[in-house]
Amino acid sequence: MADFTVSLSDKKAGAPWGENARLSFTETGALIHLAQDSDSERAIAQAARKLDGLNLPAVTLTGDWQKEQQWAFALSFTRARHPAAITWADNDDQAQLAQEYAALVFTRQLVNDTPEDLSPETLAQRAAQWLKSLGQDKVSFTMTVGEALRDAGWVGIYNVGRGSERPPAMLELDYNPTGNADAPVDAVLVGKGITFDSGGYSIKSSEGMLDMKCDMGGAATVTGALGLAITQGINKRIKLILCCAENLISGHAYKLGDVLTYKNGVTVEVVNTDAEGRLVLADGLMAATETGAPLIIDAATLTGAAMVALGSDYHAVFSKDDSAREQMLNAAKLENERFWPLPLEAFHADRCPSAFADTANSRPMKGGGGGGASNAAGFLSRFVNPQGKGWVHLDLAAAYHGGATAEMPVGATAKGIRAIARMLHDFKA
């Protein structure tokens, strides 16, 4: 079968297709018509979705494509099951696009995998093995699993995951291109890796639970970002911490009213077992802070409140460090990814009060009440340095689509990997 080619045209479609059609077909493939479109990337995305519906095995982009136009096509054309192969346009962007696309495909496949096939240990192992394949002897890692988490004092990951027969796990991975074991750590990435979230005893509805395989989207996103940075040749020492667990119900599950005492002495009353992401991230943030790294980025599909605020188009950005926040937003802008700042003040740490502990893990009301995304960020701020210097929290509202749209396929998006990778390259303390 001859290659199916896709080209761009600045002319309107011919009469048989309708002059307002964005897509027309030729003997060898298709034309995407950008005439009078002020947002060419959106037009390309919509055309790519239509082409993806044809279940083509492969396409070749031909003609005059800009890099971001090709990326827009790839984001929308790469369906969840049996995605078609893409041959990039013959220009100077091919190598860079290939690197980015490999990270995108890995991230999406990891998120889209079934919860049965992706246990906490499997998530940690697959992330480590992929990064090891890219970084070779520059990558080393350790995993702490099951009861060993409790013994090591990682009470958040342990308690959230102890209700499952498949044990929770914490991955600590070190990418050290310097070859010096005493080299300072330049950055740490922390990811929420809840491989399935039933809500625990604060159980979700069936509809609310259907897409909860995606609750490890933060872990997948930071892994994809680090993998991309490695293939781009980053020469900084970076650590990755994944906080992996299944949040399930059993006679051994954690309960509402439990009080957890973290390594830093903070006590937390569990008022909602469905606010589990912040409990596991607390461990990861403490481990990250211990490294002394000037930059810590955590990423998580953390709150419905972020989606209420931003929809599924933007990732929410929180930081008490104005410079770190602006650098993260600038990295996203340069990579053409939609990030948006939401408020985080010192008082947000006190917005989930408890009569039995220093704080609760949420507020005992639906969705955690007003300002839920900021309150969750405030909770996390207790587990980094008091000023929050160098810490950026990403609430990944745009990580997953439960249904296909006119511009995006169903499932994982991998949005954010390019911005985080750029932040690793460019960050200045």
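The values are calculated or read from the model by the stated rules, or taken from the named source; none is laboratory data. All values derive from a computational prediction rather than experimental measurement. Glycine also receives a Cβ, built like all others from the backbone with ideal geometry; neighbour counts cover every protein chain displayed. When the accessible area is computed, the model is the full protein with side chains, heavy atoms only, and any ligands, DNA or RNA have been set aside. Shrake-Rupley method; radii C 1.70, N 1.55, O 1.52, S 1.80 Å.
Overview of values
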| quantity | calculated |
| --- | --- |
| Looking only at the range 399-429, and only at residues there that are assigned to a strand (DSSP E or B) and of a type outside the set (Phe, Trp, Tyr), the one that is nearest to the chain's Cα centre (by Cα) | Ala412 |
| Qualifying positions in the range 192-232 - surrounded by fewer than 24 Cβ atoms within 10 Å (Cβ to Cβ), acidic (Asp, Glu) and outside any loop (DSSP other than H, G, I, E, B) | Glu207 |
| The range 111-135 residues that are within 21 Å of Pro177 (Cα to Cα) and basic (Lys, Arg), paired with ones that are modelled with pLDDT of 95 or more and open to solvent by 40 Å² or more (accessible area, probe 1.4 Å) (beta carbon under 8 Å, 6 or more apart) | Lys132/Phe141 |
| Pairs where the first residue, in the range 169-183, is within 21 Å of Gly146 (Cα to Cα) and in contact (Cβ under 8 Å) with a residue 24 or more places away in the chain and the second is open to solvent by less than 20 Å² (accessible area, probe 1.4 Å) and not hydrophobic (A, V, I, L, M, F, W, C), C-beta under 7 Å, 6+ apart | Ala169/Pro120; Met170/Asp283 |
| Filter pass, Lys415 being more than 30 Å from Arg79 (Cβ to Cβ) and either at pLDDT below 95 or open to solvent by 10 Å² or more (accessible area, probe 1.4 Å) (or both) | no |
| Test set (1) touching a Ser or Thr at 6+ places or on another chain (Cβ under 9 Å); (2) open to solvent by 70 Å² or more (accessible area, probe 1.4 Å) - Ala72 fails condition number | (2) |
| Pairs with Cβ under 6 Å, 6+ apart, first in the range 32-57 and of a type in the set (Lys, Arg), second assigned to a helix (DSSP H, G or I) and surrounded by 15 or more Cβ atoms within 10 Å (Cβ to Cβ) | Arg49/Ser76 |
| Qualifying residue in the range 244-261 (condition: of a type outside the set (Asp, Glu), buried (at least 19 other Cβ atoms within 10 Å of the Cβ) and under 17 Å from the mean Cα position of the chain (by Cα)) | yes |
| Tally, over the range 263-286, of residues that are assigned to a helix (DSSP H, G or I) and of a type in the set (A, V, I, L, M, F, W, C) | 6 |
| In the range 88-114, residue least open to solvent (accessible area, probe 1.4 Å) [restricted to those that are closer than 30 Å to Asp197 by Cβ and in a loop (DSSP other than H, G, I, E, B)] | Asp113 |
| Residue identified as within 16 Å of Phe196 (Cα to Cα) and open to solvent by 40 Å² or more (accessible area, probe 1.4 Å) among Asp151, Asp117 | Asp117 |
| From Gly179, Gly163, residue being out of contact with any helix residue (DSSP H, G or I) (no Cβ under 7 Å at 6 or more places or on another chain), open to solvent by 30 Å² or more (accessible area, probe 1.4 Å), in the same structural domain as Cys244 (by the TED database) and not basic (Lys, Arg) | Gly179 |
| Within the range 67-96, tally of residues that are β-branched (Val, Ile, Thr) and farther than 20 Å from Glu407 by Cα | 1 |
| Unmet criterion (only one of (1) over 24 Å from Ile157 (Cβ atoms); (2) free of Cβ contacts under 8 Å to residues at least 40 places away in the same chain; (3) among the aliphatic types (A, V, I, L, M)) for Ala349 | (1) |
| Selection within the range 136-191 - among the hydroxyl-bearing types (Ser, Thr, Tyr) and not in a helix (DSSP H, G or I) | Ser140, Thr142, Thr144, Ser164, Tyr175, Thr178 |
| Residues that are touching a Phe, Trp or Tyr at 6+ places or on another chain (Cβ under 8 Å) and open to solvent by less than 10 Å² (accessible area, probe 1.4 Å), drawn from the range 263-280 | Val268, Val270, Thr273 |
| Contacts under 8 angstrom Cβ, first residue in the range 186-212 being over 17 Å from Thr301 (Cα atoms), partner polar (S, T, N, Q), 6 or more apart | Val188/Thr291; Tyr201/Thr273; Ser202/Asn272; Ser202/Thr273 |
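Conditions (1) aliphatic (A, V, I, L, M); (2) more than 16 Å from the chain's Cα centre (by Cα); (3) at pLDDT 95 or above, marked per residue:
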position: Glu337; (1), (2), (3): no, no, yes
position: Leu342; (1), (2), (3): yes, yes, yes
position: Asp358; (1), (2), (3): no, yes, yes
position: Pro364; (1), (2), (3): no, yes, no
position: Phe379; (1), (2), (3): no, yes, yes
position: Asp395; (1), (2), (3): no, no, yes
